[in-house]
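Below is one structure, written out as structure tokens; the observations come after it.
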Amino acid sequence: MTEKPKPNLLVLVGPTAVGKTKMSIKLAKAFGCEIISGDSMQVYRGMDIGTAKISTDEMEGVPHHLIDIHDPDYPYSVAEFQEQSERLIREITERGNLPFIVGGTGLYIESVCYGFQFSKASVDEEFRQSHFKFAEEHGAQAVHQKLAEVDPKSAERLHPNDLRRVIRALEVFHLTGVRLSDQLALQKKESPYHLCLVGLTMDRQMLYKRIEERIDIMLGQGLVKEVSGLLAKGYAPELVSMQGLGYKEIVSYLQGEYSYEEAVQLLKRDTRRFAKRQLSWFRRMKDIEWVDVTDSENFPANYEKIHGIIAGKFLSNLEYTSKQSN
């Protein structure tokens with residue numbers, strides 16, 4: 001019996017502000033793609049500016065999935081992202097289009113690319129609540145330090161403000177005696193898909209400059225008003241969504257913990273650090289073909305290079321090669 005061929009899956013990753021959105025639209029139009037957002041924050045409605053969410057106009061008619069699917073108080077998880085992405089990949093493939101994941105949330109994207117298995121059984125609600133209470137009394141950094149003592153690799157991967165995931169990593173160790181980082185390391189690294197993984201990178205100082213410019217644009221677009229509006233609707237600062245970059249810093253400003261200038265500088269610093277962690281995560285992934293887009297002004301050359309990588313990977317599929325010539 002002939003083995004059924006693996007579905008094709010195109011993936012574009014890279015740090016924040018590297019230029020994934022513009023590149024993804026041109027590639028999607030060339031290869032007949034539907035885009036699945038690989039961003040854990042863009043799932044939330046009403047969180048547009050701080051997540052650099054693509055607008056309808058910017059989509060240029062390319063179908064996008066997993067954007068604006070939940071309110072900010074919904075506890076979105078990697079397991080849910082994986083389940084939804086696997087369903088979407090099947091449906092997009094059945095429509096004769098190419099599934100295309102675009103984003104920067106490393107664990108989410110890797111979980112789909114390599115079919116990670118997530119435990120749904122082990123939960124200790126009392127343990128969780130005791131650690132949330134500990135965080136209220138001693139701060140998120142103190143909980144993160146607990147994780148660093150038992151699972152330094154997970155602590156390195158998770159930001160102290162990502163309290164829910166930090167506590168989950170502690171909970172996994174508490175229940176199983178096995179570190180979450182060790183469990184992830186044991187995951188099978190063979191993909192259920194015919195993968196084409198492309199990573200965008202650029203000179204670090206250039207990237208940092210772009211990050212700071214993007215934040216200035218977000219502030220000009222009304223980031224403070226967006227965050228203030230979310231608080232006014234009753235979304236608590238402790239929510240995972242409100243702990244996201246661009247939200248927790250502005251919340252701190254609005255609550256009087258920092259001046260506006262201090263909050264902006266904190267946001268720029270935290271975003272630079274986040275981009276560094278994104279690059280570290282993706283560089284540990286296998287199969288990624290990296291394209292240096294430091295010369296961002298030369299978009300056509302960068303596009304042609306990536307187009308060639310994708311065409312080479314999916315060349316045997318006449319359906320996609322015919323769309324390239326359009």
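The values are calculated or read from the model by the stated rules, or taken from the named source; none is laboratory data. Note that the structure is a prediction, hence the values are computed from the model and not measured. Reconstructed Cβ throughout: ideal geometry from the backbone, glycine too, with neighbour counts over all protein chains shown.
How many residues does segment 2-15 hold that are surrounded by fewer than 20 Cβ atoms within 10 Å (Cβ to Cβ) and out of contact with any Ser or Thr (no Cβ under 6 Å at 6 or more places or on another chain)?
Taking segment 2-15 first, the residues surrounded by fewer than 20 Cβ atoms within 10 Å (Cβ to Cβ) are 2-7.
Within this subset, residues satisfying the condition of being out of contact with any Ser or Thr (no Cβ under 6 Å at 6 or more places or on another chain) are 2-6.
Qualifying residue count for the region: 5.
I need the helices (runs of 4 or more DSSP H) fully contained in segment 213-298, keeping only those with at least 3 residues that are of a type in the set (K, R) and either outside the structural domain of V112 (by TED's automatic domain parsing) or in contact with a strand residue (DSSP E or B) (Cβ under 8 Å, 6 or more places away or on another chain) (or both).
Numbers: elements: 223-232, 248-254, 260-284.
Answer list for segment 213-298: none.
Any residue that is modelled with pLDDT under 95, touching a Ser or Thr at 6+ places or on another chain (Cβ under 6 Å) and not acidic (D, E) - is there at least one of those in segment 74-81?
Yes.
Within the set of pairs 6+ apart or on separate chains, which have a first residue in segment 201-216 that is at negative phi, a second that is of a type in the set (V, I, T) and surrounded by fewer than 18 Cβ atoms within 10 Å (Cβ to Cβ), and C-beta atoms under 6 Å apart?
Partner pairs satisfying both residue conditions: M202/T294; D203/T294; M206/T294.
Here is a check on your reading of the model: is V172 outside the structural domain of E289 (by TED's automatic domain parsing), modelled with pLDDT under 95, farther than 30 Å from L10 by Cα and not in a helix (DSSP H, G or I)?
Numbers: outside the structural domain of E289 (by TED's automatic domain parsing): yes; modelled with pLDDT under 95: yes; farther than 30 Å from L10 by Cα: yes; not in a helix (DSSP H, G or I): no.
Spelling it out, it is not the case that V172 is outside the structural domain of E289 (by TED's automatic domain parsing), modelled with pLDDT under 95, farther than 30 Å from L10 by Cα and not in a helix (DSSP H, G or I).
Can you tell me how many residues within segment 87-125 are crowded, with 17+ Cβ neighbours inside 10 Å, within 21 Å of the chain's Cα centre (by Cα) and under 21 Å from P63 (Cβ atoms)?
15
Return a yes/no flag: does segment 177-197 have any residue that is assigned by TED's automatic domain parsing to the domain that holds T93, part of a strand (DSSP E or B), touching a residue at least 40 places away in the same chain (Cβ under 8 Å) and among the hydroxyl-bearing types (S, T, Y).
No, the conditions are met nowhere in segment 177-197.
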